[in-house]
1. Quick check for me: using +1 on Lys/Arg Cβ and -1 on Asp/Glu Cβ, what's the dipole size of region 5-99 about its Cα centre, in debye to the nearest 20?
2. Identify, among Leu228, Phe63, Ala142, the residue whose Cα sits farthest towards the positive end of the charge dipole of the chain, taking +1 on the Cβ of Lys and Arg and -1 on the Cβ of Asp and Glu, with the dipole about the Cα centre.
3. Taking the Cα centre as origin and putting +1 on Lys and Arg beta-carbons and -1 on Asp and Glu beta-carbons, what dipole magnitude results for region 6-256, to the nearest 20 debye?
4. Which order results if Ser150, Ser94 are arranged by neighbouring Cβ count within 10 Å, fewest first?
5. Given just the C-alpha atoms of the chain, how large is their convex hull per residue in cubic angstrom?
6. Where both partners of a DSSP beta bridge lie in the chain, what percent of those bridges are antiparallel, to the nearest 5?
7. Please rank Glu131, Glu196, Glu206, fewest neighbouring Cβ atoms within 10 Å first, as an exposure proxy.
8. Contour minus end-to-end for Thr123 and Asp143, with contour as 0.36 nm per residue of separation and end-to-end as the Cα-Cα distance?
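FYI, it's all coordinate maths here, none of it is from the lab. Note that the structure is a prediction, hence the values are computed from the model and not measured. Every residue, glycine as well, gets a Cβ built from its backbone with ideal geometry; the counts of neighbours run over all protein chains shown.
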Amino acid sequence: MAEHVLTTKGLTIQFGGHVAVNDVDFTLEPHTFKSIIGPNGAGKTTFFNLISGQLKPTRGEVFFKGNDLTGSSVAQRARMGIGRSFQITNVLPSLTVLENVRMAAQAVSGVSFRLFSHYRKFTQLEEKSFELLKRVHLDSQADKLAKNLSHGDKRKLEIAILLALEPELLLLDEPTAGMSLEEVPAIIEVIRELKESGDQTILLIEHKIDMVLDLSDRLAVLFNGKLLADGTPEEIMNNELVQSAYLGGLYDDTIKS
């Protein structure tokens, strides 16, 4: 089990009579880019919430690098190296772009805030934060208030904040959600560069099938809460069960949205 970054065994969560994630056995190898696809209501975000600790499973287990995380909190999982983005952007609007990233870098470094100490004493944190902004192509907007960024740039900032937390596993939940068509290529380029750097293992939820096929090493298909298939993009696209249940006709509008 230790050779996998992430493993779930029989992972299940039930809300009343509805089983949202149903007995999912899942693995993710280190330094790979894997995407989870499936129609709306398939259980994708719920599955992410079980991995990152926002939800506790009804039954089943979650392992990170061989360690059982099933009972661990969100904060504990973050400290172990799991970083999670959400469909709704999560930045501090009244701080500058650089300050948002520096706050995350400061949390990881263990440097406590000192009353009456000017933040510029934390030179190394500033430099690290600025380098992370370069990675997401926001360095030219470092001094802008986060609330004044476009939606697409807030998504980039969220990724920079996650990177400041130094995650080994990066969970990206629909990073293009709510973006205009003009903004999508820029965030795709940021994600592509993250993949090419090889620094993180990346797990993505995304409805844009062209983006998923272009970026992913492997795909997992969730359908009605169950893991329907797991394989290379070519294997998934040629899987007759996937075609009949998901890719073939009934959900075409969903996956292209």
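1. On the way: 9 positive and 6 negative charges, 15 e Å.
Roughly 80 debye for region 5-99.
2. The residue sitting farthest along the positive end of the dipole is Ala142.
3. Values: 27 positive and 33 negative charges, 233 e Å.
Using only the charged Cβ atoms, the result is roughly 1120 debye.
4. By the 10 Å Cβ count, ascending: Ser94, Ser150.
5. Taking the convex hull of the Cα positions in the chain, it is 135 Å³ per residue.
6. Looking only at bridges with both residues in the chain, the antiparallel portion is about 55 percent.
7. Going from least to most buried by this count: Glu196, Glu131, Glu206.
8. Taking Thr123 through Asp143 to full extension adds about 5.6 nm, to one decimal.
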